[in-house]
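Chemist: Submitted below is the structure of interest, expressed as structure tokens.
The values are calculated or read from the model by the stated rules, or taken from the named source; none is laboratory data. Remember, predicted model here, so these are calculated numbers, not experimental data. Positions of Cβ are backbone-derived with ideal geometry, glycine not excepted, and every protein chain shown enters the neighbour counts.
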Amino acid sequence: MSSEKQPSFPRPVAAIRLDGGRLCLNFVNTIHDRYAAPVEDYVGELERFMEWCLRAGALGPGEDIAAPEAAGQRAALMRKLRSLREDLHALLAARIDGIAPPEEAVQNLDQWLHRAWANQSLGSDGRMHWRTDAYDVLLPLQRIALDALDLISGPAAAQLRRCDNTSTCGWLFFDTSKNQRRRWCAMETCGTEFKMGRYRRS
Ligand SMILES: [Zn+2]
């Protein structure tokens with residue numbers, strides 16, 4: 001617990017928690033915390049996002065994709081990242097709450113999915129493969145979009161949860177516990193804080 005108190009800022013990407021259990025959930029959880037003020041954005045810079053992608057599995061070990069250098073391109077990419085993250089959160093949260101998702105969020109995910117599908121081709125092995133020219137900085141966001149679709153469109157959606165620490169945390173996670181009653185993004189953070197009677201995360 002003491003190691004949780006005062007994180008160095010910005011915290012190293014290697015120290016970012018991946019408690020979501022799914023790529024798309026870990027991406028949505030790059031806001032620490034959802035309801036905190038101010039929030040810490042784990043991937044507030046492009047280089048950090050690229051590093052996070054390698055760590056979280058949005059990029060494979062051999063997929064070293066260079067970030068663009070032009071300021072305009074970089075800013076545009078960050079805007080895309082943030083809007084996908086917010087829209088995915090809205091979609092997933094709506095699913096948890098059993099309400100209709102915002103139309104704008106549906107349209108945004110739809111566009112990412114179509115981009116992802118257009119960037120893949122069926123191989124002779126019967127599987128879809130990314131085209132060679134798809135290997136750019138948008139590739140991780142397309143993978144995240146595909147993972148989100150896989151999650152919300154199938155039976156796995158029933159395992160989608162929001163951390164019970166809704167005063168600050170609000171992280172989403174995939175419940176793989178046997179009794180399907182996991183309450184916290186992680187027992188050692190929010191669960192411990194609940195037991196100690198305080199809701200405060202570092
Ligand atoms: Zn939590």
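Chemist: Of the conditions (1) surrounded by fewer than 16 Cβ atoms within 10 Å (Cβ to Cβ); (2) modelled with pLDDT under 95; (3) more than 25 Å from CYS53 (Cα to Cα), GLY191 fails just one. Which one is it?
Modeler: (1)
Chemist: Looking only at segment 1-26, which residues are among the hydrophobic types (A, V, I, L, M, F, W, C), modelled with pLDDT of 60 or more and outside any helix (DSSP H, G or I)? It would help to see each step written out before you state the result.
Modeler: Within segment 1-26, the first condition is being among the hydrophobic types (A, V, I, L, M, F, W, C), and the residues that meet it are 1, 9, 13-16, 18, 23-25.
From what's left, modelled with pLDDT of 60 or more: 9, 13-16, 18, 23-25.
Within segment 1-26, PHE9, ILE16, LEU18 qualify.
Chemist: Can you tell me which of (1) modelled with pLDDT of 95 or more; (2) part of a helix (DSSP H, G or I) is the one ASP133 doesn't meet?
Modeler: Of the numbered conditions (1) modelled with pLDDT of 95 or more; (2) part of a helix (DSSP H, G or I), the odd one out for ASP133 is (1).
Chemist: Quick one: TRP112 ticks every box in (1) more than 23 Å from CYS53 (Cα to Cα); (2) modelled with pLDDT of 95 or more bar one, so which box is it?
Modeler: Answer for TRP112: the failing condition is (1).
Chemist: Report, by residue number, each residue of segment 43-86 that is in a loop (DSSP other than H, G, I, E, B) and touching a strand residue (DSSP E or B) at 6+ places or on another chain (Cβ under 8 Å).
Modeler: At the first step, the residues of segment 43-86 found to be in a loop (DSSP other than H, G, I, E, B) are 43-45, 57-70.
Matches in segment 43-86: none.
Chemist: Which one of the conditions (1) in contact with a helix residue (DSSP H, G or I) (Cβ under 8 Å, 6 or more places away or on another chain); (2) in a helix (DSSP H, G or I); (3) more than 9 Å from the ligand (Cβ to nearest atom) does ALA158 fail to meet, given that it meets all the rest?
Modeler: (1)
Chemist: So TRP130 ticks every box in (1) in contact with a Lys or Arg (Cβ under 7 Å, 6 or more places away or on another chain); (2) surrounded by fewer than 20 Cβ atoms within 10 Å (Cβ to Cβ); (3) under 20 Å from ALA56 (Cα atoms) but one. Which box is left unticked?
Modeler: (1)
Chemist: Kindly indicate the residue of segment 136-147 that is in a helix (DSSP H, G or I) and not acidic (Asp, Glu) and also farthest from ASN26 (Cα to Cα) among those meeting that condition. Let's see the steps before the verdict.
Modeler: Keep residues of segment 136-147 that are in a helix (DSSP H, G or I), which gives 139-147.
Then drop every residue that is not not acidic (Asp, Glu), which leaves 139-146.
Numbers: LEU139: 16, PRO140: 13, LEU141: 12, GLN142: 15, ARG143: 13, ILE144: 9, ALA145: 12, LEU146: 14 Å.
Only one residue tops the list, namely LEU139.
Chemist: If the requirement is being touching a residue at least 60 places away in the same chain (Cβ under 8 Å) and either more than 19 Å from PHE27 (Cβ to Cβ) or of a type in the set (A, V, I, L, M, F, W, C) (or both), which of these qualifies: ALA157, ALA105?
Modeler: Numbers: ALA105 fails: touching a residue at least 60 places away in the same chain (Cβ under 8 Å).
From the options ALA157, ALA105, the qualifying one is ALA157.
Chemist: Another question about this same structure. For segment 167-202, which residues satisfy the criterion of being part of a loop (DSSP other than H, G, I, E, B), within 14 Å of the ligand (Cβ to nearest atom) and within 18 Å of the chain's Cα centre (by Cα)?
Modeler: THR168, CYS169, GLY170, TRP171, ASP175, TRP184, CYS185, ALA186
Chemist: So for segment 101-110 (the condition being within 16 Å of the ligand (Cβ to nearest atom), more than 22 Å from GLY21 (Cα to Cα) and part of a helix (DSSP H, G or I)), does at least one residue qualify? Before the answer, list the steps.
Modeler: Restricting attention to segment 101-110, the residues satisfying the condition of being within 16 Å of the ligand (Cβ to nearest atom) are none.
Scanning segment 101-110, I find no residue that is within 16 Å of the ligand (Cβ to nearest atom), more than 22 Å from GLY21 (Cα to Cα) and part of a helix (DSSP H, G or I), so the answer is no.
Chemist: Counting only residues that are more than 14 Å from ASP136 (Cα to Cα) and surrounded by 13 or more Cβ atoms within 10 Å (Cβ to Cβ), how many does segment 52-77 have?
Modeler: So the answer is 4.
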